[in-house]
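To start, the structure under review is shown below, and the notes come after it.
What follows is calculated from the coordinates using simple rules that are stated; it is not laboratory data. Since the model is a prediction, treat every value here as computed from it, not as a measurement. Positions of Cβ are backbone-derived with ideal geometry, glycine not excepted, and every protein chain shown enters the neighbour counts.
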Amino acid sequence: MEERAIQRIFILGSGGRLGAALMKEWQKLDCLKLVSLSRSELDFSQPEAAVNVLKNYKLTEKDFIINCAAMTNVDQCEEDSGLAMNVNATTPGLLAQLAADAGARFLHVSTDYVFDGKLERAYRETDQPHPISHYGASKLAGEEAVMATSPHHYVARVSWVFGPERPSFVDQIIERAFTSDQSAAIDDKTSSPAYTKDLAEWFQIFLQPEIDGGIYHLCNSGLCSWREYGEYALQVAARYGMPLRTTSVAPLKLSEMKNFIAQRPQHSALDTTKFSTLLGKPLRSWQEAVEEYIRLQVTGNRLQD
């Protein structure tokens, strides 16, 4: 079969951390025509209206849609499960059906929270999901809705996403250390960070028409606790000259987080063997990714001064 050149790439949720990263990094790729659709332009809380917006673009088999839009506030999802189901499952499923009907491919971004966090090793794509929160349940329902529309669609599960587009845990813990010599983070919850710059590079492989549809785990290699993650970020930031008041992070227990409404999976690292095999190389470590991120942030700030 003759390869079909991609005509347009739609980035849904282009105002979020990952969507904005894709828009920024993929602008450099001359052969792609990007169509940005932020929440104000395509509202996932209104399924029928969202479908009509995408329908107006008259999709063809040459188009590719990436859904980065989601309701990701875990506790908010617990309090409004109906809204979470609309945003994370109903609308993605309808949009994926629209893509399938046009012969276009659809990539849906999901989460490690589809698992219960009780496995003693990193989760593989073949492991049975078992969400323990409305957020996880809505994201799993979204995966199932998308994949039910076409075997050529993709689900990319990611975890602990960080990057310059929107503040994340890394930025928050560094910001706090500018003014306080006290820092603490959960030490008995582990997963794998994922750098938006890396995700933007890795997602490019799915644009190739010969890549099989299905579920893929994408994150930087290695795992850590929130405390280890934060302490490493502080140490790197101090090494690059940031005037921090501490580089130590005290341990907290997940069970001590009384302000949490929803349950969180305790150990939800993702096994990326399937994707790294497809890519033909190991995925770089979360430590390398965090170091590059902080170095670029420091350099950027100095250039702006």
Could you pull out every one of the lysines with an alpha carbon less than 16 Å from that of LYS24, ignoring same-chain neighbours closer than 8 positions? LYS33, LYS197
In the Gaussian network model of the chain, springs joining C-alpha atoms below 10 Å, which of ARG124, ARG39, ARG176 carries the largest mean-square fluctuation? ARG176
Amide H neighbours of TYR154 at under 5 Å, excluding residues fewer than 5 places away on the same chain, with H built from the backbone geometry, are PHE106, LEU107, HIS108, GLY214
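For SER276, SER180, what ranking results if the residue with the fewest other Cβ atoms within 10 Å of its Cβ goes first? Can you show the working numbers first?
Values: SER276 16, SER180 11.
If I rank by nearby Cβ atoms, fewest first, I get SER180, SER276.
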For the chain, calculated [θ]222 nm from helices alone, where every DSSP H run of n ≥ 4 adds -39500 (n - 2.57): -11500 deg cm²/dmol
Residues with amide H under 5 Å from that of THR190, placed H, sequence gap 5 or more: HIS267, SER268
List, in order, the whole-Hz ³J(HN,Hα) value for each residue of region 135-140 obtained from phi through the Karplus relation with A = 6.51, B = -1.76, C = 1.60 and θ = phi - 60°; use x for Gly and Pro. 4, x, 5, 5, 5, 5
With point charges of +1 on the Cβ of Lys and Arg and -1 on the Cβ of Asp and Glu, referenced to the Cα centre of the chain, which listed residue (LEU252, THR272, GLN182) lies farthest in the positive direction of the dipole? GLN182
Computed ³J(HN,Hα) along region 217-223: with the Karplus parameters 6.51/-1.76/1.60, θ = phi - 60°, integer Hz and x for glycine or proline, the list is 9, 10, 6, 5, 6, x, 9
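Identify the GluC sites (Glu not before Pro) of region 174-250 meeting these criteria: DSSP loop state and at most 13 other C-beta atoms within 10 Å of the C-beta.
Passing sites in region 174-250 are GLU210.
Could you tell me what percent of the DSSP beta bridges with both partners in the chain are antiparallel, to the nearest 5? Spell out each step's value before the answer.
On the way: 2 of 31 bridges.
Roughly 5 percent of the DSSP beta bridges within the chain come out antiparallel.
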Rounded to the nearest Å, the spacing of the alpha-carbon centers of region 14-46 and region 243-263 is 33
Counting sequence-distant residues (5 or more places) and residues on other chains, those with an amide H built under 5 Å from that of ARG284 are SER221
Report ³J(HN,Hα) in whole Hz for each residue of region 57-65, in order, from the Karplus equation J = 6.51 cos²θ - 1.76 cosθ + 1.60 where θ = phi - 60°; Gly and Pro get x. 7, 6, 4, 10, 5, 8, 8, 9, 10
GNM result for the chain, Cα springs below 10 Å: residue of LYS33, LYS258, LYS24 fluctuating most strongly: LYS258
